[in-house]
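Enquirer: I'd like to ask some things about the structure below.
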Amino acid sequence: MNTFYITTPIYYVNGEPHAGHAYTTIVSDVLARYHRVKGDQVFFLTGVDEHGANVHKVAENAGLAPQEYCDKMTPIFTELWERLNISHDIFLRTTSDMHKRGAKKFLTALYDSGDVYKAPYEGYYCRPCERFVPEKELTDEKICPIHKLPLEWIEEENYFFRLSKYQDRLLAHIHENPLFIYPESRRNELLSVLDSGLEDISISRSSVSWGISLPFDPEHIVYVWIEALMNYMTALGYETDNERYHTFWPANVHMMAKDITRFHALIWPAMLMAIDLPLPKQIVAHGWLTKDGEALSKTRGIVIDMDTDIETYGLDAFRYYLLREFSFGNDGDYRPTRLHERYNADLANDLGNLLNRVLGLLNKNFDGIPAPTTPGEFDDEVKEMAQTTVDKLDEHIKAFAFDSALETIWEFVRRVNRYVQQTEVWTLAKPETKPRMGTILYNSLEALRFVSVLISPFIPETAEKIQKQIGLTEFDTVSDWGRLPIDLKVSKGEPIFPRIDLKKEKAPQPKAAKPKQKSKETNLISFADFQKLDLRIGNIISAEPIEGADRLLKLQVDLGTEKRQVVAGIAEHYKPDALIGKQVIVVVNLEPATIRNVESHGMILAASGDTVVLASPETEVPLGTQVK
RNA sequence: GCCGGUGUAGCUCAGUGGUAGAGCACACGACUCAUAAUCGUGCUGUCCGGAGUUCGACUCUCCGCACCGGCACCA
């Protein structure tokens, strides 16, 4: 028996899951289910990454201990996967004992390989920035270009992994295994990264506390990214379940979005090489989702409202749309109207209606499924197409071409509709033609059983509904023609995808709620805090672009008593000329900053959501008027 | 500014060095078992622009234009 081990990334719990996570996970789910239907022994991993400085910080802001915070966030992910009908075999948390033990074993092995070394990390550090100031920004005075404060020279000891040593072996591996990184565009990208040379990477942090300490130096915490990669082995039981680990490692597919391929295709394999373990077979990256042409962005309010669409069209329609409409590997644009079209055209009209018409004819003319006694024209054609569809489907799945896979299945669905049409079954109810009618209906129903098996990885609920209506009591996953038993009692046939008219929900866009403000009590500020702000009315007297910056404008603002130079990030929304003469609200007592070598003394207030709109007084007021 | 992607029928997108494709939408016809469904037929294209390589380019190369994304920048 073949084994198939597929993983999603473990998702970072410092925010809530979005449609991108859902896509990665659904795609992986399809592969897992597909291999199960084929009879492979499948292990499907997903989970969450709960460690690291970011989680620590977010937890602190929420007034929670890190573990408490994770315990609150993680169920949001597991509940979503449940709603999306994800069939994972394990949901890994990196705070679990299993993971921690496996990670330590891995780290020890890595250390023993000799490719981990300790080295000082040093540089000029700016405390307010919380960063090392890069060489190129340094001046002779050694002051922070932003804060104009003296920099500190800091030396920190870190552990490094000798990534550079594996450059040639990685290169060779990628060349020898053309499908190792998929699709090709990613592969080329990483080859060019390799060409420009790899540097050793730091794998520990001594300033972070929320994480797993290095077994060989408990003062240090593993860098969260490095720790996360190890989950693919710890989830199998690398330390805790030897049998399962040996059954499934190496992974067949690491599925992910295209932005994290570097870690998976270069660093992870190199780490595995260092400790002499087999590499995953394939690193597979899909594209990003956009919404009506724009990149998803929580802050800009560009989000995909999965809940609404799933509520309107059902989960399977949502899954179907994502899988059918997007060409894997490329970015795909999510459009509710397209989902609607797909729903009606493919699901309601083609598939749903086919099932319905066949069941209707059966119920009207037969008591249970009749035996196929009377072969005739078109029968073989349909039978053959059923078989070739299975083969084509397999090829498409191997290439992660879910859109083509579904298209192939639907070509068959349409063929069956045509079969019903060509044979004009409904005219055969007379006694002398009834056996032929029975045969055609048997074939049509068998075709539908076939379809239900083929679609079950993609839209599992629908597959089950179809088989239930056909009268099968247990889900049949075999895709061989002629398995459908006779005399099954078919159901009346409730439409599995009732048509949905667009008119009704024409207007439902408003959805007042913007990016939801968590009105946490902890976010309240005191009146005294508010009073610290000195807001005043000013008049823009000049505006000009700043070279080399797409979003910045240099403004001169007249505050009545003085003139100020302010840099504002509004160039994408306002032409300089259009600003002159405008009254705006200025934060006067903001500490000065230098942006792109231009000094900024204050800040202009603006509503910044989907668009950016300057805030100004309703009617003109004297310059310098205080705003409160 | 740097890096990357895309540009093919009204829409969403496939596609190949040799006379342009699918689905949806649209039009007409057939049918009436079915969810105003299904089936058939038809329809539109300077395959972004320019130059080059080639017997031949939508496909390869270069240059441009447009749009999109990432990074920098957003006090």
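The values are calculated or read from the model by the stated rules, or taken from the named source; none is laboratory data. Note that this is a predicted model, so its numbers are computed, not measured. Positions of Cβ are backbone-derived with ideal geometry, glycine not excepted, and every protein chain shown enters the neighbour counts. Keep in mind that these areas ignore ligands, DNA and RNA; they rest on the heavy atoms of the full protein, side chains included. Shrake-Rupley method; radii C 1.70, N 1.55, O 1.52, S 1.80 Å.
Enquirer: Could you order A:Thr373, A:Thr594 so the one with the most accessible surface comes first? Probe is 1.4 Å.
Expert: Most to least solvent-accessible, the answer reads A:Thr373, A:Thr594.
Enquirer: Something else about it: Which whole number of Å³ per residue matches the convex hull of the alpha-carbon atoms in region A:182-296?
Expert: For region A:182-296, the hull spanned by Cα atoms encloses 159 Å³ per residue.
Enquirer: Using 0.36 nm per residue, how much length does the chain from A:Lys281 to A:Lys575 gain when fully extended, once their Cα-Cα distance is taken away?
Expert: So the extension gain works out to 100.7 nm.
Enquirer: Let me ask something additional. From the gyration tensor of the Cα coordinates in region A:414-459, what semi-axes in whole Å does the equivalent ellipsoid have, largest first, with each one equal to sqrt(5λ)?
Expert: Equivalent-ellipsoid dimensions as semi-axes: 25, 11, 5 Å.
Enquirer: Keeping all protein chains in the complex and leaving out DNA, RNA and ligands, what accessible area do you get for A:His601 with a 1.4 Å probe, in Å² to the nearest 10?
Expert: 60 Å²
Enquirer: Another question, if that's okay. With a 1.4 Å probe and all protein chains kept in place, how do A:Phe450, A:Phe530 rank by accessible area, largest first?
Expert: Descending accessible area places them as A:Phe530, A:Phe450.
Enquirer: How would A:Tyr442, A:Tyr223 line up by accessible area, probe 1.4 Å, largest first?
Expert: A:Tyr223, A:Tyr442
Enquirer: Rolling a 1.4 angstrom probe over the protein heavy atoms, how many square angstrom per residue are accessible across region A:308-443?
Expert: 41 Å²
Enquirer: Let me ask something additional. With all protein chains present, calculate the accessible area of A:Glu599 using a 1.4 Å probe and round the result to the nearest 10 Å².
Expert: 100 Å²
Enquirer: Sketch the reach of a paramagnetic label on A:Asn177 as a point 7 Å from Cα along Cα-to-Cβ, and name the residues of region A:1-45 whose backbone nitrogen lies under 17 Å away.
Expert: Residues A:3-8 fall inside that zone.
Enquirer: Select from A:Ile470, A:Ile86, A:Gly332 the residue farthest towards the positive end of the dipole of chain A; place +1 on Cβ of Lys and Arg, -1 on Cβ of Asp and Glu, and compute about the Cα centre.
Expert: After comparing all options, I get A:Ile470.
Enquirer: Here is a further query. Hey, if you drop one equal point scatterer on each alpha-carbon of region A:152-195 and run the Debye formula without solvent, what base-10 log of I(q)/I(0) do you get at q = 0.15, 0.22, 0.25 Å⁻¹?
Expert: -0.50, -0.75, -0.88
Enquirer: In nm, to one decimal, how far is the modelled label at A:Glu599 from the one at A:Asp40, with both set 7 Å along Cα→Cβ?
Expert: Label at A:Glu599, label at A:Asp40, 6.5 nm between them.
Enquirer: If each DSSP helix of 4+ residues adds -39,500 (n - 2.57) and the sum is divided by the residues in chain A, what number results at 222 nm, nearest 500 deg cm²/dmol?
Expert: -11500 deg cm²/dmol
Enquirer: So, one more: Given the convex hull of the Cα atoms of region A:4-115, what is a quarter of its surface area in nm²?
Expert: Hull-based average projected area comes out at 8.5 nm².
Enquirer: With the Cα gyration tensor of chain A giving a ≥ b ≥ c as the square roots of its eigenvalues, does the rule (a/c under 1.5 for rounded; else a/b larger than b/c for prolate; else oblate) give rounded, prolate or oblate?
Expert: oblate
Enquirer: Go through region A:399-412 residue by residue and turn each phi into a ³J(HN,Hα) via Karplus (6.51, -1.76, 1.60, θ = phi - 60°); whole Hz please, and just put x for glycine and proline.
Expert: 9, 6, 8, 5, 5, 5, 4, 5, 4, 4, 5, 6, 4, 5
Enquirer: Which whole-number percent gives the relative contact order of chain A, counting Cα pairs below 8 Å spaced six or more residues apart?
Expert: In percent, rounded to a whole number, it is 11.
Enquirer: Of all accessible surface on chain A at a 1.4 Å probe, what whole percent is carbon and sulfur?
Expert: Result for chain A: 49 percent of the exposed heavy-atom area is carbon or sulfur.
Enquirer: How large is log10 I(q)/I(0) at q = 0.19, 0.27, 0.29 Å⁻¹ when the Debye formula is applied to the Cα atoms of region A:438-502, each weighted equally and without solvent?
Expert: -0.71, -1.29, -1.43
Enquirer: For region A:533-628, what's the relative contact order in percent, using C-alpha pairs closer than 8 Å and at least 6 residues apart?
Expert: Relative contact order here is 34 percent.
Enquirer: For A:Ser616, what accessible area in Å² do you get when you roll a 1.4 Å probe over the heavy atoms of the protein chains, rounding to the nearest 10?
Expert: So the heavy atoms of A:Ser616 present about 60 Å² to solvent.
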